[in-house]
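Read through the structure below, which is laid out as structure tokens, and then see the notes.
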Amino acid sequence: MVNDLNEVLKYADNQRDFVITLYKEFIPIKALAPENGGDGEWDRANYLLNVVRKYFDEVKVVEASDNRVSRGSRPNIVALIKGLDMSRTYWVIAHMDTVPEGDRSLWSYDPFKATVVGDTIYGRGVEDDGQGIVMGITVGKVLRELGIKPPINYGLILASDEEVNSKYGIRYVIDKEPNLITGRDLVVVPDAGNADGTMIEIAEKGILWVKVTVYGKQAHASLPELGLNAYRLGSELTLEIDRKLHETFNHEDALFIPPKSTFEPTKVEPNVGNVNTIPGRHVFYIDCRILPKYNIDDVLKVIKDTASNYCSSHGCRVDIEVISRDDPVQPTSADSEIVRRLSKAIRVVRGLEPRLMGIGGGTYARYLRARGIPVAVWMTSKETAHAPDEHVLLTDVINDIKTVVVSLFTEP
């Protein structure tokens, strides 16, 4: 424990200019996965590496091979400040990649510039997950500049590929170095939260993305009796699957927001290129966020059975393809040390009572929880990720830095 934690927190309060500079430097450096039309994270990683090396004792890069990007790999930065007890580490794990800006006309400011307006900073990725990057680095800066050795190691991982499926990110890191993070460590993933900073996420729903392809028969639109309209069939099947899933998997769990499993038809692929042709093929997707009570195989069976029965009675053919699947894992215990430390720190810094919750989104935490490692997902979030005018409050970023510092130095 440091002699005067209040002095450390005052020092953290004075990091606003550093935070702004950091944002302004790395937000313009795009970090998009190949699936999102980008060349990966290396350009951003190289900048962040230079910053991290100033404040951490040990820094290395774990590269995941990926021949789709020009560098041939995806970077994962692992940095460490040695503590008094070097057998344990307090980890902050954030991701470097972002999503595209979407419709640029909906933005009030350039999405790839960090624009400061009063206490607000705008830009694609400033929240998701620039906030975690800035927080993790600034905590290290505070420790280094004050010459403080933390009670245990302080570690930072800036990983790749979170926005797609984490194959080249945290999943690769923990497979490559299975002893890097242990069950004795304290792990915070700053990638979800609520507006007042009180939400500690301890559980995530299972995720299933399904592609449904309905085959009919193409024909001229003036002669529908010669065709089989896959668009109409697919639309009806969408509603049939939607109804069946909601009827079958209707349990509620108050830990989660929303408390039910969700099943949302989302993307539809283009079919024919002209108005006067009946399409012979219709493709749609379903995003399923499934409470841990249910088995994903059971959800998939309902989708397949419903589609098969529908097409049997309507003369069409259907294919079901799983695009992505993350099975539910056991939640982090409410009594785990990291949850108790963060809870105490939130009370100290925010003066508010923390709330333990589950979410439908997916974070790096699920892959660590699957290995039995307790993880708290937490930050202060206005929930503008992936939206136009994504933004954070600088006050919130500073308070998050202070909260991590308190939870690092204060026993629960």
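The values are calculated or read from the model by the stated rules, or taken from the named source; none is laboratory data. A quick note: this is a predicted structure, and the numbers were derived from the prediction, not measured. Methodologically, a virtual Cβ is constructed for each residue, glycine included, from the backbone with ideal geometry; neighbour enumeration extends over all protein chains shown. With ligands, DNA and RNA removed, areas are computed over all heavy atoms of the protein, side chains included. Shrake-Rupley method; radii C 1.70, N 1.55, O 1.52, S 1.80 Å.
Roughly to the nearest percent, how much of the accessible area of the range 298-412 is carbon and sulfur, given a 1.4 Å probe?
On the way: 2190 of 4610 Å².
Answer for the range 298-412: carbon and sulfur cover 47 percent of the accessible area.
Charge dipole (Cα centre; +1 on Lys/Arg Cβ, -1 on Asp/Glu Cβ; no other charges) of the range 322-410 amounts to roughly 360 debye.
The calculated Kirkwood hydrodynamic radius for the range 1-77 is 14.8 Å, given to one decimal from all distinct C-alpha pairs. Checking every one of the trypsin sites (Lys or Arg not before Pro) in the range 294-388 against DSSP loop status and a limit of 14 other Cβ atoms within 10 Å picks out ARG371. For the range 227-358, the C-alpha radius of gyration divided by 2.2 N^0.38 Å, with N the number of residues, is 1.48. Across every pair of non-identical alpha carbons in the range 153-211, the mean reciprocal distance, once inverted, gives a Kirkwood radius of 14.0 Å.
A dipole drawn for the range 267-372 from +1 and -1 charges on Cβ atoms has a positive end, and of ASN271, THR332, VAL322 the residue lying farthest that way is THR332. Taking Cα atoms only, the orientation of helix 296-314 departs from the longest principal axis of the chain by about 20 degrees. Surface analysis of the range 150-262 yields an accessible area of 41 Å² per residue, using protein heavy atoms and a 1.4 Å probe.
Let me know the charge dipole size of the range 33-78 about its Cα centre in debye, to the nearest 20, where only the beta-carbon of Lys, Arg (+1) and Asp, Glu (-1) is charged. Let's see the in-between values first.
Numbers: 7 positive and 8 negative charges, 25 e Å.
Roughly 120 debye for the range 33-78.
Averaging 1/r across all pairs of distinct Cα atoms in the range 106-218 and inverting the result yields a Kirkwood radius of 18.0 Å.
This model, with +1 at the C-beta of Lys and Arg and -1 at the C-beta of Asp and Glu, gives the chain a dipole about its Cα centre of some 540 debye. Which of VAL377, PRO388, VAL404 sits closest to the plus end of the dipole of the range 349-412, meaning its Cα is farthest towards the positive end, when Lys and Arg get +1 and Asp and Glu get -1 on the C-beta? Farthest along the dipole direction, towards plus: VAL377. A probe of 1.4 angstrom, applied to the heavy atoms of all protein chains, finds ASP13 with accessible area near 70 square angstrom.
Averaging sequence separations of C-alpha pairs under 8 Å and six or more residues apart, then dividing by the length of the chain, give the relative contact order as a whole percent. Before the final figure, lay out each step's value.
Numbers: 909 pairs, mean separation 93.4, N = 412.
Relative contact order of the chain: 23 percent.
Once the Cα atoms are used to define both axes, helix 394-409 deviates from the longest principal axis of the chain by about 60 degrees. Take the residue pairs LYS30/LYS293; LYS30/LYS301; LYS141/LYS382; LYS304/LYS382; LYS141/LYS260 and return only those whose Cα atoms are more than 32 Å apart. Too far apart for the 32 Å limit: LYS30/LYS293; LYS30/LYS301; LYS304/LYS382; LYS141/LYS260. Using the alpha-carbon centroid of each, what span in Å lies between the range 166-219 and the range 66-133? Computed from Cα coordinates, the inter-centre distance equals 16 Å.
The range 214-292: D in µm²/s via Stokes-Einstein (Kirkwood Rh, Cα pairs, 37 °C, 0.692 mPa s)? Can you show the working numbers first?
Working: Rh = 14.3 Å.
The Stokes-Einstein estimate is 229 µm²/s.
For the chain, the longest principal axis of the C-alpha atoms and the axis of helix 16-26 are separated by about 40°.
By a 1.4 Å probe calculation restricted to protein chains, LYS167 has an accessible surface near 110 Å², given to the nearest 10. Considering only VAL299, PRO224, PRO259, and ranking their Cα positions along the charge dipole of the range 224-348 that arises from unit charges at the beta-carbon of Lys, Arg, Asp and Glu, the one farthest toward the positive end is PRO259.
In the context of the full set of protein chains, the range 296-384 has a per residue accessible area of 45 Å² (1.4 Å probe). Rounded to the nearest 500, the helix-only mean residue ellipticity at 222 nm of the chain stands at -10000 deg cm²/dmol, with each DSSP H run of n ≥ 4 adding -39,500 (n - 2.57). Taking the convex hull of the alpha carbon positions in the range 282-377 and averaging its projected area over all directions gives 8.4 nm². For the range 304-352, a/c is not less than 1.5, where a ≥ b ≥ c are the root eigenvalues of the C-alpha gyration tensor, and a/b tops b/c. That puts it in the prolate class.
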